[in-house]
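Every number in this text was worked out from the coordinates using simple rules, so none of it is lab data. Everything quoted here is computed from the prediction, not taken from an experiment. Cβ: placed from backbone, ideal geometry, glycine included. Neighbour counts: every protein chain shown.
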């Protein structure tokens, strides 16, 4: 199997992998994946073997590794020309992937997309401005509402069916090999020993731990402002007497340091109650540290998907993207609370907001704090 190339996408493939294992219990399943993602797959019941490629390796590096495996069939999860070439040149006799242009010549079974698939189409800057202007001119504009677990609501501009979620794309592909298309929750395997080890290494507390993930690799349009993360954390500390783990990659170190410094000044000074993990963990340690949290407050990004897949409750903030398409875990799982900002142009799927960032700015600190508190107090 040729795996997805990004953390969030890789996690969303896990229901398809689990269904494939269910359908083919005796089959040896090997996953070819980017080496940066190998930490996701340790101990996973759906995968027998993982082979990797490095960032600068060309297509023939993957071809060589696949040839050495002598595989009978390849399920190609990404929709790129490169992944189609890999399995073709590796001489794999049965090659399954989504249909699309030149890829059809590289596959032996080009699977048509589902008729109801919803694409993440980026809006143009002109379209964003037109939608906003039209909404401001129209007194009749009222955002539709999406219900939260307690009956309250947040603004959502498009109500899409649950089957729009990306995990269904991968399930549909796996069905070509006999897997059931019915959804499962995303799942990553993390042992109690791994959680204990990461808590000891980074001095994470045994009490109520809230994760804060203020970054988003895709771009600033996905990021709730840092000052709001700080204000929310201060209020949560007052309400819940909780500790915090601040997450992020190497590129998020400055942001995480800013948040940690502000919380320390506000009376959260000790390493026991405040731990900045940004850029300090391996991917495997990130999985275990997220598992140690009761709730993760996060933007729409890779750690959001990991947290849900290891069993942690998630409060996820959406502005430029759509919770219906890429929300954490199983669509409709009430353990997670998904808040989407109100804006006529949302979701735009742009990396940077071309106007005034109204979607994320409409998510208020009190609403977010209430959501995290509700999630934290739910029975485990």
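Could you give the nm distance between label points at residue 115 and residue 239, where each point is 7 Å from its Cα heading toward the beta carbon? So the two model labels end up 4.5 nm from each other. Size descriptors for the range 215-314: radius of gyration and Dmax over Cα atoms are 12.6, 33 Å. Look at 28, 169, 34 and count the other Cβ atoms within 10 Å of each Cβ; fewest to most, that gives 28, 34, 169. When the square roots of the Cα gyration tensor eigenvalues are ordered a ≥ b ≥ c, the ratio a/c for the range 192-377 is 1.5 or more and a/b exceeds b/c, which makes its shape prolate.
Within the range 322-380, the proportion of Cα pairs with more than 18 Å between them is 46 percent. Taking the longest Cα principal axis of the chain as reference, the axis of helix 365-377 is set at about 70 degrees. Using just its DSSP H runs of length 4 or more, each adding -39500 (n - 2.57), the chain gives a mean residue ellipticity at 222 nm of -10000 deg cm²/dmol after division by all residues. With both labels modelled 7 Å from their Cα along Cα-to-Cβ, the residue 191 to residue 138 distance reads 5.7 nm.
The angle between the Cα long axis of helix 14-23 and the longest principal axis of the Cα atoms of the chain comes to about 40 degrees, rounded to the nearest 10. Packing order of peptides 66-73, 352-359, 15-22, highest average first: 15-22, 352-359, 66-73 (average count of other Cβ atoms within 10 Å over each peptide's residues).
Take 343-350, 188-195 and order them by the average number of nearby Cβ atoms within 10 Å per residue, most first; the result is 343-350, 188-195.
Applying the Kirkwood pairwise sum to the alpha-carbon positions of the chain produces a hydrodynamic radius of 21.8 angstrom. Considering all C-alpha pairs of the range 7-113, those separated by over 24 Å amount to 20%. Ranking of 108, 321 by neighbouring Cβ atoms within 10 Å, starting from the fewest: 108, 321.
The range 175-250 and the range 3-47 have their alpha-carbon centroids 21 Å apart.
Note on residue 184 and residue 67: the extension gain reaches 38.9 nm, defined as 0.36 nm multiplied by sequence separation minus the Cα-Cα distance.
Helix 253-265 axis versus longest C-alpha principal axis of the chain: approximately 30°, rounded to the nearest ten. For the chain, the share of DSSP beta bridges that are antiparallel, to the nearest 5, is 10%.
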